[in-house]
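The values are calculated or read from the model by the stated rules, or taken from the named source; none is laboratory data. As the structure is a computational prediction, the values presented were derived from the model and not from experiment. Cβ placement follows ideal geometry from the backbone for every residue including glycine, while neighbour counts extend to all protein chains displayed. Heads up: the accessible areas ignore ligands, DNA and RNA and are worked out on the full protein's heavy atoms, side chains in. Shrake-Rupley method; radii C 1.70, N 1.55, O 1.52, S 1.80 Å.
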Amino acid sequence: MSDEAQRKKCQLYEYINQKLQSNQISFTSNADGLFVFDLDGTIIYTNESCQQISGLTPSQLQHKNFKEFLPQRFLPSTINHFSQVTEGSIQNFDLKIYHKAGYPVELNMTLFPVEACNEIIGVYGIAKNISSIKSNEEQLKNKEELYRRMVELSPDTVMINRNGVCLYINDTGVKLLKAKDKNEVINRNLLDFIHPDFKDQVLKRINVLNKGESVLPQAEKLICLDGTEVDVEVKAIPTYFENKLASHVIIRDLSERKITEELMIRSEKLSVAGQLAAGIAHEIRNPITSIKGFIQLMKHESSPKEYYFDVITSEMSRIELILNELLALAKPKVSDMKEIDLLVLIQHVVTLINTDAIMKNIEIIYKYEKHTCIIICDENQMKQVFINFIKNALEAMDVGGKVMIELEEVNNEIFIRFIDEGSGIPKEVLSRIGEPFFTTKSNGTGLGIMVSKQIVENHFGKVNISSNSNGTCVEVVLPLPVLSR
Ligand code: ADP
Ligand code: MG
């Protein structure tokens, strides 16, 4: 050590001792680690807290250089701080050391120059243990990361919007809207993604949310960036985003559910068509037998009578009609809403099912005053509903009787009732009716009522069932279109 350095070191000892004696500085009873270095970085004084922080006794610390305690990766920056403080500027920085027991200790260090007679003679330092703050920060960060992942990986789309403009969307939402990345959605108006039929509804929702109120789940249709449409259910609650009122919107993709629903409808339809086919085979055997008979007759007559041809043609038309009905029912078709005359539709349904009824000695009777009744529906699906209800009625009657089909128009709604004289539905069965696969029949599917209800609800109608020991009444209520009012 140079004489100059030696002189300054002595001066530093003298200075510190003097300050300690005059109580101008105190090393004890301070929770922070306090210490003094000479200009080389050798420790001259430490307080008790330094022992707690490092696990080293004062004697293990004193006369050691700070470089001996520091982990390698903090050495260059700390040496730099130290050289700056010896040139007169106060330094504050974070540091990680290892306690003697092996665990890491996070420190916030402040280093001041010790000056005497306008000369820097040493360094005075304060080490604040910030491990608990750091670990809180880390926990907070981990928690934030956890929530972020929960939101990003949620199976539902999560959006934050303000006044209908998207401020945040998760990855699920980016996929749902078929966007390349979040930037294609963020800052865009939500209405850009809403199907025109639902824009009014969404505007109303935005108004409600702006008042700070929640919105119940609503069905909506979105238009994705590639132009495809997707059915969704939307829930929204008010929230705060960056300290301002915003809305937290959760969007659930319903396409999967719709696909399952459609599959159910289709499989029930095919099973009904299959069951009907058995009855229909019977039905067409009769006209075929009579056609065969007439052809035999014609073989033996030189000039067949005109009347034979009439009978054959009419029998053939009957076969054609029945087969066409069956094929139309079984054919998979996309949903097709049109104006349909309900009376004609019921007539077609009865054509298909009448054989079953006749074989069971059941008469199907209608009761309706008007001659036409136009509704808007998917013809095939509505046929499926009526066949289901009439079949159930026939199946409930063991000893023959009547099934009545009654139509009544009340307040712009049409009530279609299927009334049977069957055994009725026991209470315990009635409460479970409409559950998928619930059946009391050995060859039943237990899907008829569920599927029919679904179809009717898709047509904005409802199904009511009432029953007693004299029979059952299944009532379908459908809205009448404006045109017929
Ligand atoms: P499935 O006809 O294949 O059994 P459905 O969903 O059509 O399935 O009907 C479920 C059950 O409801 C039937 O098994 C039957 O017990 C009862 N049910 C439905 N309609 C009637 C009715 N008109 N009379 C008596 N019971 C009925
Ligand atoms: Mg049924």
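Quick check for you: which residues of region 184-200 have the amide N under 20 Å from the point 7 Å beyond the Cα of residue 211 toward its beta carbon?
Answer for region 184-200: 199-200.
Given the options 284, 271, 340, identify the residue whose Cα lies farthest towards the positive end of the charge dipole of the chain (+1 on Cβ of Lys, Arg; -1 on Cβ of Asp, Glu).
About the Cα centre, the residue reaching furthest to the positive side is 271.
Taking all pairs of different Cα atoms in region 258-484, averaging 1/r and flipping that mean, what Kirkwood radius in angstroms comes out?
Hydrodynamic radius (Kirkwood, Cα pairs) of region 258-484 is 19.0 Å.
Could you give P(r) for region 202-309, binned at 5 Å from zero, as whole percent values over all Cα-Cα pairs?
2, 9, 10, 9, 8, 7, 6, 5, 5, 5, 5, 5, 5, 5, 4, 3, 2, 2, 1, 0, 0
What is the percent carbon and sulfur in the accessible area of region 123-270, measuring with a 1.4 Å probe over the protein chains and ignoring ligands?
Carbon and sulfur together cover 53 percent of it.
With the cut-off at 1.5 for a/c, could you classify region 283-368 from its C-alpha gyration tensor as rounded, prolate or oblate?
Judged from the Cα gyration tensor, region 283-368 comes out prolate (a/c at least 1.5, a/b above b/c).
Determine the distance separating the Cα centre of region 51-127 from the Cα centre of region 432-485; give it in Å without decimals.
Centre-to-centre distance over Cα atoms comes out at 83 Å.
Antiparallel versus total DSSP beta bridges in the chain: what percent is that, nearest 5?
Within the chain, antiparallel bridges account for around 95 percent of the total.
Would you mind computing Rg(Cα) / (2.2 N^0.38 Å) for region 89-136, counting N as its residues?
1.45
How far apart, in nm, are two points set 7 Å out from the Cα along the Cα-to-Cβ line at residue 93 and at residue 110?
It works out to 1.8 nm between the two label points.
Hey, what does the equivalent ellipsoid look like for region 1-87, semi-axes from the Cα gyration tensor as sqrt of 5 times each eigenvalue, largest first, whole Å?
Whole-Å semi-axes of the equivalent ellipsoid: 21, 19, 12.
Would you rank 188, 148, 285, 417 by solvent-accessible area, highest first, keeping every protein chain in place and using a 1.4 Å probe?
Output order, biggest surface exposure first: 285, 148, 188, 417.
Would you rank 327, 176 by solvent-accessible area, highest first, keeping every protein chain in place and using a 1.4 Å probe?
Highest to lowest solvent-accessible surface, that is 327, 176.
When all C-alpha to C-alpha distances in region 304-426 are sorted into bins of 10 Å, what percent of pairs does each bin hold, rounded to whole numbers?
Cα pair-distance distribution for region 304-426, in percent: 12, 36, 33, 15, 4, 0.
What lysines could a cross-link reach from residue 67, if we take a straight Cα to Cα line under 19 Å and drop same-chain neighbours fewer than 8 places away?
Leaving aside lysines fewer than 8 places away in the same chain, those within reach of residue 67 are 9, 96, 100, 128.
In the chain, which longest range has no GluC sites (Glu not before Pro) that are both DSSP loop (not H, G, I, E or B) and surrounded by at most 10 other Cβ atoms within 10 Å?
88-241
How compact and how long is region 148-188, expressed as Rg and Dmax of its alpha-carbon atoms in Å?
Cα only, region 148-188: 9.5, 26 Å (Rg, Dmax).
Mind checking the log10 I(q)/I(0) for region 365-485 at q = 0.09, 0.13, 0.23 Å⁻¹? Debye, one equal scatterer per Cα, no solvent, two decimals.
-0.25, -0.52, -1.48
Just the number please: accessible area per residue for the chain, 1.4 Å probe, all protein chains included, in Å². Intermediate results must be reported in sequence, preceding the final value.
On the way: 27580 Å² over 485 residues.
Per-residue value: 57 Å².
Given region 391-443, what whole percent of its Cα pairs are spread farther than 19 Å?
44
Work out, in µm²/s and without decimals, the Stokes-Einstein translational diffusion coefficient of region 154-253 at 25 °C, 0.890 mPa s, Rh from Kirkwood over C-alpha pairs.
185
If you wrap the chain's Cα atoms in a convex hull and average its projection over all directions, what's the area in nm²?
Taking a quarter of the hull surface, the average projection is 42.6 nm².
Using the eigenvalues of the Cα gyration tensor, what equivalent ellipsoid semi-axes result for region 49-122 when each is taken as the square root of five times the eigenvalue, whole Å, largest first?
24, 15, 10
So how much slack lies between residue 295 and residue 56, counting 0.36 nm per residue of separation and subtracting their Cα-Cα distance, in nm?
Stretched out fully, the residue 295 to residue 56 stretch lengthens by 74.2 nm.
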